[in-house]
1. How many residues does the stretch B:61-111 contain that are hydrophobic (A, V, I, L, M, F, W, C), in a loop (DSSP other than H, G, I, E, B) and crowded, with 19+ Cβ neighbours inside 10 Å?
2. What number of residues within the stretch B:335-365 satisfy the criterion of being within 20 Å of B:R188 (Cβ to Cβ), in a loop (DSSP other than H, G, I, E, B) and within 14 Å of chain A (Cβ to nearest Cβ)?
3. Kindly evaluate B:S338 against the criterion of being over 30 Å from B:T475 (Cβ atoms) and among the small types (G, A, S).
4. Just to check your reading of the model, which residue among B:L373, B:L320, B:L400 is touching a Phe, Trp or Tyr at 6+ places or on another chain (Cβ under 7 Å) and within 14 Å of another protein chain (Cβ to nearest Cβ)?
5. Kindly indicate which of B:N468, B:N497, B:N440 is touching a Lys or Arg at 6+ places or on another chain (Cβ under 8 Å) and of a type outside the set (S, T, Y).
6. In the stretch B:507-527, how many are closer than 14 Å to B:D132 by Cβ and assigned to a loop (DSSP other than H, G, I, E, B)?
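The values are calculated or read from the model by the stated rules, or taken from the named source; none is laboratory data. Note that the structure is predicted; figures quoted are calculated from it, not measured. All Cβ positions, glycine included, derive from the backbone under ideal geometry; neighbour counts span all protein chains shown.
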Amino acid sequence: MRLSPDKAAAEPSTTAGLSRRVVLAGLVTAYTASLIPWALAESAPDVDRGNFLILSALIAGREGLDNELAIRYYDALLENDEGFPAAVSAILTLVNQHRIDPLKLQAFLDESRPELAAVPRRIATAWFLGVVESVDGARVLAYEEALNAQLVSDVLMPPSYCYGGYGSWAQEPGKGSVDG
Amino acid sequence: MAEELSADFVVVGSGICGALVAMVLAQRGASVIMLEAGPRVERAQLVANFRNSPRRSDWMSPYPFSPWAPHPVYRPEDNEHLVQAGPYPYPAEYIRMVGGSTWHWAALAWRNVPNDMRMHSLYGVGVDWPFDYDELDPYYQWAEELMGVAGDGDEHPESPRSQPYPMEPVAEPWAMRRIRERLAGTYRVASNPVARNSRTFDRRPACCGSNNCQPICPVDAQYHGGIAAAAAEAAGVRLISSAVVYKLEHDSQDRIVAAHYYDPERNSYRVTGGTFVVAANGIETPRLLLMSTSDRFPSGIANRTDMVGRHLMDHPSTSLTFDADEDLWLGRGPQSPSSISALRDGPFREDYSGYRLDFTNISRVDSTTQRLLLEGVYGPEFERRLRHSAAREMSVKTVLEVLPRPENRIALSSRKDALGLPRPQAHYDIDTYTRRGAENALWHFRRIAELMGGSNLRFSDENAFANNQHICGTTSMGEDPNISVCDGWGRTHDHDNLFLVGTGVLPTAGTANSTLTAVAVALRSVDAMLPAEQGSAAEQRGS
């Protein structure tokens, strides 16, 4: 897997690897370790991007995140907020210290750390909707590839894409598609 | 001026009604100039704008905003083009662009029921129309054939017809089939008549089920005013875009002699003609008439009895959203396929409003995503809840009638737009007649939920009426000039050569989305503007 930084200073990979391991070692306990896409995070060229991938995986609830999208989202989120990497790192530290379930993360931050509360929501909006807020208004970085389209793509097409041949929508949609 | 702008007919507005009127006039041999305030925009651009919009659920967001021809925009902030005077908000939406507001619609092509046009004599409320349903039937047919309406007459006995729909109904989405089957025996759920192709028609393809009727059909399977405007130009109409008509000029005999317009740089032009047709929608038409003041008409053109802008009507909606007990997966096929018509008419209309019950087939994916993001639902639970709501959530809404009341009106604000023209101002309220209709619907909402095994019932707030952008009544037809602006042919009472077309001329709103009726009435008006050589156009159609 490749994750090339658009803007981050090019670091020799060995240095990047070292610093990443140092930071991750400081952050992670067995609890978060079980949730983290290690392979993905370790492929990141620097610690900040690695942290972003880890927090993204926790929020998105899946390890298999699109690498190209990760680059685009990270660059856009960083452009909008230079404190973004530090906030991501702080949130990961909290998740680790307090063993916060992703489902409770937003409520925890809203309650205890309001200065960080906007960050998971921005990351979630990026992955689930493909939209990143920026100083000049929001931008769409993904539509068909946004997770909310991908998570239902066995049954639905994103609106504006043809469903299929004429009348294909009259058929019963696939079985086993929803929890009981 | 380098060039004299003059024609037999000058049409103000290139939306579906203005464009089709212009087209027929040109086909009958007249010279026609059509003036459109907004710009030309291509469909592919609108589709791209939609996909790139960070506010996809705001269906106005793909449509370009022109500072010289502003239309209301409410998100992310209200631009206050339509000033609200209250007491109830009237956040109408429309599009100022070549082709007008039907670029963005669900293509519902309902006919009125005959009694919609006899409300006063039958039920003692509202007004009677200056003509009856039977007289409109051939013009409905003509409109349906121009627009390409798919429907099944047998499913709609409430609106009799002498000839079949031009196309069979569009294939029924699975979700609507299940709703129809589970409600059978209690409610008859019928397919909506729609200006949407169920086969190749008029060189446009059949629907491909992209579930994007609003804000923009990506393949033109759905008819819209842009198609009408193109047909008008093909028939020889000269269309001038970005031409903001701000004044109609009259002579000493009260005949209209010219329309004055600004280009985006506020250079003024004068267009002369023999007959003038204003087709600028239910808000911009009265605005133009009210702006066109003179010593002789200090309150505006066609407004001697102070009726211009009054009798504003729309179709407010209340709704129930719930989770069915089976997977339906809304979002496959067109957005608005099915309805219940049983409550559109009856003696109860003496007391409360009739209504249609519409089932939506709009994908729940984006709305659920927004809700889950707001709730901060992350991790594997997000996927579980998204799929649950996308599969199970369904919604039914009322389409309620509003009575014509003079105090509901479009007036001029003291505030100005970018060209210095007064903004339109809405005075609006939802009366007890309509509110009682909404209350009556609650029982049916609950019954429908019960039949669908519904849980997690979410009723719209009892004082929250969603607007449907069916702007009617503001330049009403009628025989009595004291309560109307134009006669049954759309000819203004005050000016022989000034006609009005569009939803504004409809004297009552009924429970039918207003476009098809407005087009049918407009086509009928063409026969008064310029009769076909033999008989009426509707009689000649197809000959």
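1. Looking only at that region, the number is 12.
2. 4
3. On the way: over 30 Å from B:T475 (Cβ atoms): yes; among the small types (G, A, S): yes.
The answer is yes for B:S338.
4. That would be B:L373, the only listed residue that is touching a Phe, Trp or Tyr at 6+ places or on another chain (Cβ under 7 Å) and within 14 Å of another protein chain (Cβ to nearest Cβ).
5. Numbers: B:N468 fails: touching a Lys or Arg at 6+ places or on another chain (Cβ under 8 Å); B:N440 fails: touching a Lys or Arg at 6+ places or on another chain (Cβ under 8 Å).
Criteria check complete, one pass: B:N497.
6. Step one: filter the stretch B:507-527 for residues closer than 14 Å to B:D132 by Cβ, giving B:507-508, B:510, B:517, B:520-521, B:524.
Cutting the leftovers down to assigned to a loop (DSSP other than H, G, I, E, B) gives us B:507-508, B:510.
Of the residues in that region, 3 qualify.
Residue-wise test of (1) among the aliphatic types (A, V, I, L, M); (2) in a helix (DSSP H, G or I); (3) at pLDDT 75 or above.
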{"position": "A:T15", "(1), (2), (3)": "no, yes, no"}
{"position": "A:L18", "(1), (2), (3)": "yes, yes, no"}
{"position": "A:R21", "(1), (2), (3)": "no, yes, no"}
{"position": "A:L24", "(1), (2), (3)": "yes, yes, no"}
{"position": "A:L40", "(1), (2), (3)": "yes, yes, no"}
{"position": "A:G50", "(1), (2), (3)": "no, yes, yes"}
{"position": "A:I54", "(1), (2), (3)": "yes, yes, yes"}
{"position": "A:E68", "(1), (2), (3)": "no, yes, yes"}
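Okay, residues lined up against (1) over 24 Å from B:H495 (Cβ atoms); (2) under 27 Å from the mean Cα position of the chain (by Cα); (3) among the polar types (S, T, N, Q):
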| residue | (1), (2), (3) |
| --- | --- |
| B:C217 | yes, yes, no |
| B:A230 | yes, yes, no |
| B:E249 | no, no, no |
| B:E265 | yes, no, no |
| B:S268 | no, no, yes |
| B:T272 | no, no, yes |
